[in-house]
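The values are calculated or read from the model by the stated rules, or taken from the named source; none is laboratory data. Because the structure is predicted, anything quoted here is derived from the model rather than measured. Neighbour counts are summed over all protein chains in view; Cβ atoms, including those assigned to glycine, are modelled from backbone coordinates with ideal geometry. Accessible surface is based on the protein model in full, side chains and every heavy atom, while ligands, DNA and RNA are left aside. Shrake-Rupley method; radii C 1.70, N 1.55, O 1.52, S 1.80 Å.
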Amino acid sequence: MTALFVAFEGIDGCGKSTQARRVADAAGAHFTFEPGDTALGATLRERLLDASQPMTPETEALLMLADRAHHVASVIAPRVERGERVVTDRFLGSTLAYQGSGRGVDLEILERATELAVGSYRPDLTLLIDIPVDVAHSRRTPDRRDRFEAAGIEFHERVRAGFLTLAQRHDNWVVIDGARDRAAVDASVDDALRTIGW
Ligand code: TYD
């Protein structure tokens, strides 16, 4: 079994968490997520998601990157180095799409800050589960206490467009149409994973 690192990305409510867990379970891979899947990350996640505590987009970005730096160093890289397969529900694409395209933090500066956080560490494959924002919202009522879910339709439109631009720019990203029925989405995800020998 080859060590592999795969990330699922997409707007809230796109179905990526279901896919990430399904894929990890089927392959006996390690499932993880951002932000928050470490003790330090859980504290950061609580602050990041709490809509009652305002913070600047730059603060948001730095906390996301701090979570990622710690997550890669303490969970992802050690497992991949041991030869394991790791599936993460969100990674760098989320910071570029949410804090960059969504909040307006300069994308080049975000890329440079990413160097500090994780160097050139990247997934072997990123699967973008893409669905229209109104479909995502109709699947799930946004939780107004969650800073990101409370941000509104236009914000999520910018985030979706940001994700699609990232997918166009990177060869190791695949766009999956997540608005189809579950079996079709499962099949497209499995096809994409086969291309990297999953
Ligand atoms: P997630 O855990 O995927 O959402 P859910 O509450 O549905 O399980 O992610 C939490 C929120 O964090 C989500 O709205 C997207 C946001 N986020 C960013 O804005 N930037 C990032 O870098 C990451 C990893 C997440």
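So here's what we get for this one:
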read-out: Test for ARG144: is it open to solvent by 80 Å² or more (accessible area, probe 1.4 Å), farther than 22 Å from ILE76 by Cβ and at pLDDT below 95; value: yes
read-out: Count - residues of the stretch 67-79 that are more than 16 Å from the ligand (Cβ to nearest atom) and open to solvent by less than 40 Å² (accessible area, probe 1.4 Å); value: 2
read-out: Some residue of the stretch 29-49 being touching a residue at least 60 places away in the same chain (Cβ under 8 Å) and farther than 25 Å from ARG160 by Cα; value: no
read-out: So HIS70, is it out of contact with any Pro (no Cβ under 8 Å at 6 or more places or on another chain) and free of Cβ contacts under 8 Å to residues at least 40 places away in the same chain; value: yes
read-out: ALA97 vs. criteria more than 22 Å from THR165 (Cα to Cα), within 11 Å of the ligand (Cβ to nearest atom) and of a type in the set (Gly, Ala, Ser); value: no
read-out: Number of the condition not met by ILE129 [criteria: (1) closer than 14 Å to GLY10 by Cβ; (2) open to solvent by 40 Å² or more (accessible area, probe 1.4 Å); (3) outside any helix (DSSP H, G or I)]; value: (2)
read-out: Sole residue being in contact with a strand residue (DSSP E or B) (Cβ under 7 Å, 6 or more places away or on another chain) and within 30 Å of ALA187 (Cα to Cα), chosen from ASP134, ASP124; value: ASP124
read-out: Criterion (under 15 Å from ALA7 (Cα atoms) and touching a Leu at 6+ places or on another chain (Cβ under 7 Å)) met by exactly one of ASP146, ASP124; value: ASP124
read-out: Pairs where the first residue, in the stretch 84-100, is assigned to a strand (DSSP E or B) and open to solvent by 10 Å² or more (accessible area, probe 1.4 Å) and the second is within 7 Å of the ligand (Cβ to nearest atom) and not acidic (Asp, Glu), C-beta under 7 Å, 6+ apart; value: ASP89/SER17; ASP89/PHE33
read-out: Residue within the stretch 24-34 that is aromatic (Phe, Trp, Tyr), open to solvent by less than 10 Å² (accessible area, probe 1.4 Å) and more than 18 Å from GLN99 (Cα to Cα) present; value: no
read-out: Options THR59, THR38; residue that is surrounded by fewer than 17 Cβ atoms within 10 Å (Cβ to Cβ), more than 22 Å from HIS170 (Cα to Cα) and not small (Gly, Ala, Ser); value: THR59
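Results for (1) within 15 Å of the ligand (Cβ to nearest atom); (2) of a type in the set (A, V, I, L, M), shown as yes or no for each residue.
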site: THR2; (1), (2): no, no
site: THR18; (1), (2): yes, no
site: ALA27; (1), (2): no, yes
site: THR32; (1), (2): yes, no
site: ALA42; (1), (2): yes, yes
site: LEU65; (1), (2): yes, yes
site: GLU81; (1), (2): no, no
